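Asks: Take a look at the following structure, please.
The values are calculated or read from the model by the stated rules, or taken from the named source; none is laboratory data. Predicted model only: the values in this text are computed from it and were never measured. Please note: Cβ atoms are built from the backbone with ideal geometry, for glycine as well, and neighbour counts cover all protein chains shown.
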Amino acid sequence: MKSFKISFFELKKIFRNPGLFLLMIILPVIIAYLGTSFYPENLLGNYKIGVYNEDNSFLGRFGFVFLRQFLKWDNAVELKSQEELQDYLKSKDFDSVLIIPKGFLQNLKDYEETKLFLIPNPDRIQESMTVYTLLKTLFKELSGIPDIKNGSTTEFLLKGGIGVDENRKAPNLELMVPDLNTGNIKTTNQNNLGFKDIFTPSIAVIMIILFSMIGVGNSIAHTKESGLLDIYRANGLEIKQFISFKFIAYFFIGLISSLMTWYLYRLFGTKSIGNELEVIIIIILSVLSFTTMGIFISSFTKTTKSASFMLTAITGTMILFGDIIIPIPSDSKIKFISYIFPVKYAVESWRKISILGYHLNQIPWNLLILISFIIIFSVGSIILTTINQKK
């Protein structure tokens, strides 16, 4: 009960800052803008893409050659049969597979509605979303194919000569979810994903990092440096109780900020086909991971400045190299950095549920890794804080 009472006073102290809720609203917008502005859409040639062209007509073959040359798919693999497609999926060595259905280019030429299918690699969800984003942007341009105006020479000149065929509809790009063990695929209701659908999990996790990890780390460092922890201990408060009330307060802050971010974006159109309860479970695990991580970092830093520096450096590293905003190709030398921190597993789990419709039993390793981080950070925090207080 003592921990909950102190947590209540800690929360009151936090919410005295009138800018807190303003930050919770403004920061997601700023991060989303930065993410969409610097998303590297010109890196498609670095990714491993399989193309299954079901259209073997002359026009279909021409379309495949055109796409391959135009997009500079140096690593593209042409799949010529259903069996090759299944074997390719089971190899798990790909970033995405594009399926061109029969009659696609003919239907596009005849102004009929068209669709293409993209199979993402669930184990490389960030890379797959990069491919999806670029292809969606490219295929939107197909609705504006240049068109030579018909009629007399006068009409031709008056109308500008070459115009844009505004009647042609852009193809839809729909996701299909693969089973990497069997090579089977199933359709989803996910189409026309936007930046906000892809980036919302990343933004929400960054909000958790800012409000929970950095918040609790700085708070504990300040409490120790100011001598307030010594006063608490002199009045009978144990280290476990001290960590508990700090944890409860900033867990609550991180949970509120992430839920506000998620449902604010949902209100403005972010799509999700996942089970909402399972999304909330991922949110809770993410908040637990980063709150305990902040406590752990503060447990081996002696001053507020050193804690702030460490928290800022780790936050910057996770955002830049965590493979959650800027996609890192699988063969990159810095790819290993993304596996060191919990941010990759939190965002990846969230995306698999909200975008691909996965369930928790389909992401056991991600859950196990997040829970392992929570246990390691919690136990390590208590041990290190206890040792440092005895010195």
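Asks: Tell me which residues, restricted to the stretch 334-363, are without any contact (Cβ under 8 Å) to a residue 12 or more places away in the chain and of a type in the set (Val, Ile, Thr).
Replies: Scanning the stretch 334-363 gives a single hit, Ile340.
Asks: Do any residues in the stretch 293-319 that are under 16 Å from Val379 (Cα atoms) have Cβ atoms under 9 Å from those of residues that are not in a helix (DSSP H, G or I), where the two are at least six apart or on different chains, and which pairs are they?
Replies: Met293/Phe341; Met293/Pro342
Asks: Are any of the residues in the stretch 245-267 in a helix (DSSP H, G or I), of a type in the set (Gly, Ala, Ser) and within 26 Å of Pro364 (Cβ to Cβ)?
Replies: Of all residues in the stretch 245-267, those in a helix (DSSP H, G or I) come to 245-267.
Going one step further and asking which of them are of a type in the set (Gly, Ala, Ser), we end up with 249, 254, 257-258.
From the residues that got through so far, the ones that are within 26 Å of Pro364 (Cβ to Cβ) too are 254, 258.
Taking every residue of the stretch 245-267 in turn, at least one turns out to be in a helix (DSSP H, G or I), of a type in the set (Gly, Ala, Ser) and within 26 Å of Pro364 (Cβ to Cβ).
Asks: Taking only pairs six or more apart or across chains, which ones have beta-carbon atoms under 9 Å, a first residue in the stretch 108-123 that is crowded, with 19+ Cβ neighbours inside 10 Å and modelled with pLDDT under 85, and a second residue that is among the β-branched types (Val, Ile, Thr) and part of a loop (DSSP other than H, G, I, E, B)?
Replies: Listed by first residue and then by second, the contacts come to Leu108/Thr114; Leu108/Ile145.
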